[in-house]
Amino acid sequence: SQTAMVLLLAAVARRVHCFAPSKLSGRTRSLALNAKGRGGGGKKPKNPYAPTIVLPETEFSQRANAIVREPEIQAFWKEHELYDKLSKTAEDSERFVLHDGPPYANGDLHIGHAMNKLLKDFINRRQLLKGKQ
């Protein structure tokens, strides 16, 4: 049927990215959006495993609240001159160089790019705290 064909095309488009639902028109567009789980498809089904997830209750905030916390952290570092102290102690120490390629060589952004950025940040911070330049 026509509906089955549209759903099949929508599923293929998700995998191949050959067309976007925004380029479709009318009924075809709404069927494609519904096939992707967006646009007027009703309520999202309830997670059947939600009652089985037991998370610890802590006073630690589950939200990063970066808009508020980041300026506080930067002010703390500036007030205690931590970066200057770390840089001064590392003046005569071994230099650490992390060789890295281009940020996004090809293709669309994906979780691997985020992981790469995080690892570079962790590695550089660790080396700085170990006293390297």
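The values are calculated or read from the model by the stated rules, or taken from the named source; none is laboratory data. Predicted, not measured: the structure shown is a model, and the values here were computed from it. So basically every Cβ, Gly included, is an ideal-geometry build from the backbone, and we count neighbours across all protein chains shown. The protein model used for the area step is the full one, side chains on, heavy atoms only, and it has no ligands, DNA or RNA in it. Shrake-Rupley method; radii C 1.70, N 1.55, O 1.52, S 1.80 Å.
Considering the conditions (1) open to solvent by less than 100 Å² (accessible area, probe 1.4 Å); (2) within 19 Å of LEU128 (Cα to Cα); (3) assigned to a loop (DSSP other than H, G, I, E, B); (4) modelled with pLDDT under 85, SER87 is excluded by exactly one of them, (3).
Each residue in the stretch 22-59 was checked for being assigned to a helix (DSSP H, G or I), polar (S, T, N, Q) and at pLDDT below 80, and 4 pass. Filtered by the rule that a residue be of a type in the set (Phe, Trp, Tyr), assigned to a loop (DSSP other than H, G, I, E, B) and either free of Cβ contacts under 8 Å to residues at least 24 places away in the same chain or touching a Cys at 6+ places or on another chain (Cβ under 8 Å) (or both), the stretch 96-133 gives a lone residue, TYR104.
Whether any residue in the stretch 60-79 is in contact with a Leu (Cβ under 9 Å, 6 or more places away or on another chain) and at pLDDT 80 or above is what I want to check. Scanning the stretch 60-79 turns up at least one residue that is in contact with a Leu (Cβ under 9 Å, 6 or more places away or on another chain) and at pLDDT 80 or above.
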